[in-house]
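Values quoted throughout were computed directly from the atomic coordinates according to the rules given, and no laboratory measurement underlies them. All of these numbers come straight from a predicted model, not from anything done at the bench. With ideal geometry, Cβ positions are generated from the backbone for all residues, glycine too; neighbour counts draw on all protein chains shown.
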Amino acid sequence: MPALERELERLLGERAVLTAPDALLAWECDGFTVHKSRPRAVVLPNSTAQVQAVVRLLHAAAVPFVPRGAGTCLSGGPTAGADAVVIDLARMRQVLHVSTEDLYAVVQPGVVNLDLTTAVHHLGLHYAPDPSSQSVCTIGGNFAENSGGPHCFKYGMTVDHVLGAVIVLPDGALCRLGDPAGARLPGALDLTAVFCGSEGTFGIATEITVRLCRDQRAVRTLLGAFATMTAACRTVSDIVAAGLVPAALEILDQATIRAVEASVYRAGYPADAAAVLLVELDGPDDVVAEEAAEVRAFMQQNGGLRIEEATDAAERKRLWKGRKGAFGAMGRLNTDLYVLDGVVPRTRLEEALVGISAIGQKHGVLLTNVFHAGDGNLHPNISYDGRDAAMTARTVAAGHEILQLCVDLGGSVSGEHGIGTEKLDHVRMMYGDADLDVMARVRAAWNPDGRCNPGKVLPSRNACAEVAKWPQMIAKVLDPEGGA
Amino acid sequence: MSSIAGTHVRPRDAAAVAEVLRARLGRVRLHGSGSRQQRLEPVPGALALDLTGLATIDRLDAPDQTCSVDCGVTRAQLDDALRPHRLELPCPGDGTLGGLFASDPIGAAAPGGQSPRSLLLGMDALLADGTPFKSGARVVKSVAGFDVHKLLVGSEGRLFVATRLHLRLKPLPRARVAFANQALDREAALRLLQQLRELPHGLQSLQLLRVAGGGGGWNVRGAIAGRANFVAATLRALSLQESDAHPVLHLEAPAGGEVLAGLALPSALPRLLAGLPTDAPFLWHGGGRFETTLPVANATDRALAALASAGGHARIVAAAIGRRGLGTPIDAGHRSIADRLKHALDPHDVLC
């Protein structure tokens with residue numbers, strides 16, 4: 001065993017260091033399975049002090065390292081190169097402190113998102129950001145990715161809920177950001193906000209202070225089934241134009257509905273509908289009742305084929321089951337699923353969906369759409385067979401064009417999944433060299449040697465270097481001139 | 001580098017601002033409407049770069065609830081443009097929008113409420129050498145690249161010049177009523193504050209205020225928003241007194257005195273107040289920021305020492321020259337990153 005690995009074992013104990021090739025298999029990718037790479041080693045620290053000791057050692061040895069939560073990221077953010085050590089934070093899963101008076105919690109990064117809400121449920125509190133993977137994904141991963149979720153239309157993204165953090169910087173020094181009383185200290189920069197979403201390239205958060213929200217007295221979920229996607233999108237526009245701010249506004253297209261209804265996530269959605277719109281309202285009982293009546297009226301006005309309303313927890317759970325299980329259901333359509341993530345102005349959703357459909361037809365790929373309609377955050381999903389090189393190449397090419405479409409419509413190449421390695425090329429659709437240079441300067445202020453999660457978020461000057469990390473066939477699609 | 005120390009320039013657009021910066025005229029202090037300049041330590045000889053000439057609302061997409069505005073657009077100008085669309089920028093503050101976001105003087109108005117950091121979607125900006133760059137997006141959700149624009153919030157114009165801001169807007173509530181329960185004793189005020197904080201819905205702003213010469217009485221002020229029947233019921237349930245008084249955003253320094261601004265959790269308020277002179281004016285915003293005025297420097301220093309020993313955070317925002325900006329210590333790691341960011345973005349320390 002090399003000296004470095006021996007030293008890691010000395011710091012953490014034998015059972016917290018994995019080096020055998022077969023033991024490393026589970027860490028060779030995240031949810032973006034196109035990009036796989038087996039790390040040099042995986043370490044499993046259980047405290048800030050252990051993370052600090054590991055990072056100091058790796059920094060001194062000039063070895064790159066990659067922090068990792070549950071590995072549910074969908075853009076390759078925590079995928080490590082063969083020379084890098086993965087610092088897996090799964091063993092740091094304690095809720096360290098809950099303040100019911102001041103409404104915050106201090107957690108370790110490995111705490112599972114839903115576990116935090118479960119832990120404070122009896123106090124009438126919850127943690128608002130709820131990515132689809134909330135039963136598995138970790139708060140640390142959410143902080144690194146600035147994760148969203150269906151309820152961020154009303155409640156905001158992770159950045160709106162993080163008040164502070166303890167960070168192990170890439171040289172092993174500690175840095176304390178924010179305060180339970182406020183994320184930005186008087187006279188100081190808002191480093192908490194800029195760290196959030198830095199995808200593990202600025203350092204490792206080992207304690208995170210998050211805001212807790214009071215549970216609302218009433219919650220109602222409405223389902224509207226429509227004969228056209230246009231009608232579903234217009235209903236969303238009507239709801240928003242009326243000044244309503246639902247907790248969630250989610251749309252599933254027909255292909256997704258059919259996949260869901262044929263799966264264990266069956267929720268009773270009408271399989272002949274072109275689109276299903278889920279609207280969740282929360283607040284005081286009488287307010288929610290009035291708002292539900294308005295939403296119903298908008299659904300009827302736009303020709304809703306079926307309108308359902310869940311007024312108890314069991315019914316609500318059923319209606320959400322299909323939405324939350326949509327990605328799992330689509331996994332049945334083929335061996336692999338490429339989950340895309342782009343944003344357009346909400347008013348251009350219909351236009352975007354028409355364009356996405358055309359791109360799917362052009363490349364002959366099976367496309368489904370499930371999306372956060374309130375935010376204009378699209379998740380086109382391509383079901384493909386990763387063993388079929390040509391199909392994989394068509395899938396990647398279609399994804400590339402879809403993201404270009406989002407940018408052309410005034411949007412973004414990522415609403416909540418991050419850049420990771422998946423979108424290193426796509427970032428250039430939004431930003432020029434000067435923009436990327438400023439971002440690189442900001443990263444260098446945190447991570448001057450570039451050893452903390454290298455090769456993520458920012459493309460190098462020669463984009464071919466990034467593409468080359470993917471399978472050769474994909475490189476050819478993105479660079480038909482063969483420059484890769 | 002030629003110097004035009006002390007000169008005031010007012011360019012009309014971002015290209016002209018870039019030209020001024022490229023001319024390398026020495027140190028530069030950014031100016032908006034001037035409403036917050038007195039809270040910054042003056043820099044003798046610095047060029048005053050007045051950004052109020054950049055005053056165009058570039059884009060207002062009412063259905064999408066976003067807009068793009070020049071940094072010199074004033075809060076009042078934007079409010080006027082948004083009113084017909086029944087939209088608003090739901091964070092307190094006045095002056096130019098560039099100044100409001102760069103100074104972030106109040107944070108959120110209510111617990112968990114919107115603050116400049118949550119409403120800033122992106123920006124077009126210039127580095128101190130005039131190089132243009134952009135960060136973020138115009139849509140309400142984007143995690144593409146690093147959020148350099150979030151560094152604007154609270155930067156006081158020392159990192160870069162944000163010339164255009166992309167902002168998220170919110171619908172105006174159907175009803176909104178301001179309230180002010182006045183002349184309460186401290187315990188009653190804190191009790192009411194707690195009752196209001198327990199509302200899971202509708203509290204749009206909240207303040208605890210003791211004014212100078214108010215006989216030591218406390219005011220609890222704020223606004224309830226939502227549907228008209230909900231607002232009325234909430235006012236009744238908590239016996240809140242409707243008020244048309246303008247919200248107090250800041251405290252003024254008394255002659256020879258100082259203003260201390262900081263952060264305080266609701267649970268820390270009794271301890272914080274116990275450590276202040278019994279008649280010291282005090283203002284706490286529901287998002288956690290407070291201000292207090294102290295009659296002499298010694299009193300401020302005692303308050304800062306007490307806060308520091310309790311792990312609190314505050315700094316002097318209004319005082320004689322040489323005292324502004326002094327405060328409780330900031331974590332060494334935080335300070336180090338902030339210094340490195342300043343060096344990375346403005347290596348010659350032009351923006352001051």
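For the reader, a short list of remarks on this structure follows.
- Percent RCO, i.e. relative contact order, over segment A:1-112, from Cα pairs under 8 Å lying at least 6 residues apart: 25
- Among B:244-253, A:85-94, sorting by the average number of other beta carbon atoms lying within 10 angstrom of each residue, highest first, gives A:85-94, B:244-253.
- Highest to lowest packing among A:318-330, B:42-54, scored as the average C-beta count within 10 Å: A:318-330, B:42-54
- Between segment B:307-344 and segment A:1-73, the alpha-carbon center distance in angstrom: 36
- Under the simplified labelling scheme, the A:Val136-A:Asp22 pair shows an inter-label distance of 2.3 nm, with each label point 7 Å from Cα along Cα→Cβ.
- In this structure, the residue pairs whose Cα-Cα separation is over 18 Å, taken from A:Lys456/B:Lys141; A:Lys154/B:Lys141; A:Lys36/A:Lys456, are A:Lys456/B:Lys141.
- Footprinting exposure proxy ranking of A:Ser47, A:Ser383, A:Ser147, fewest other C-beta atoms within 10 angstrom first, gives A:Ser47, A:Ser383, A:Ser147.
- Here chain B is treated with +1 on each Lys and Arg Cβ and -1 on each Asp and Glu Cβ, and its dipole about the Cα centre works out to around 460 debye.
- Take every Cα pair under 8 Å whose residues are at least 6 apart in sequence, average their separation, divide by the length of chain B, and the relative contact order is 16 percent.
- For chain B, a/c is not less than 1.5, where a ≥ b ≥ c are the root eigenvalues of the C-alpha gyration tensor, and a/b does not top b/c. That puts it in the oblate class.
- Ranked list, fewest to most other Cβ atoms within 10 Å of each Cβ, for B:Lys170, A:Lys423: B:Lys170, A:Lys423
- Net +/- balance of residues flanking A:Ser147 in space, Cβ distance below 10 Å, scoring K and R +1, D and E -1: -3
- A cut-off under 11 angstrom between Cβ atoms defines the neighbours of B:Val139, and their net charge, with Lys, Arg +1 and Asp, Glu -1, is +2.
- Net dipole in debye of chain A [+1 Lys, Arg Cβ; -1 Asp, Glu Cβ; about Cα centre; nearest 20]: 800
- Peptide B:194-203 - average C-beta neighbours from other chains (10 Å radius): 3
- Contact order, relative form, for chain A: 14 percent (alpha carbon pairs under 8 Å, 6 or more residues apart, mean separation divided by residue count).
- Distance-filtered residues of segment B:165-184 - backbone nitrogen under 19 Å, label point 7 angstrom along B:Asp79 Cα→Cβ: B:167-180
- Efficiency of FRET between A:Ser99 and A:Ala390 - r from beta-carbon atoms, R0 41 angstrom, step 0.05: 0.15
- Loop sites by DSSP among the GluC sites (Glu not before Pro) of chain A, restricted to those with at most 13 other Cβ atoms within 10 angstrom, leave A:102-480 as the longest stretch without any of them.
- Counted by Cβ distance under 11 Å from A:Leu125, the other residues give a net charge of +1, where Lys and Arg count +1 and Asp and Glu count -1.
- Stretchable slack from B:Leu172 to B:Arg236, in nm (0.36 nm times residue separation minus alpha-carbon distance): 20.8 nm
- Relative to the Cα centre, the charge distribution of segment A:302-420, modelled as +1 at Lys and Arg Cβ and -1 at Asp and Glu Cβ, gives a dipole magnitude of about 320 debye.
- Taken along the Cα-to-beta-carbon direction at a fixed 7 Å, the label points for B:Ala188 and A:Asp171 span 5.7 nm.
- Cα gyration tensor shape for segment A:218-325, rounded if a/c is under 1.5, else prolate or oblate: oblate
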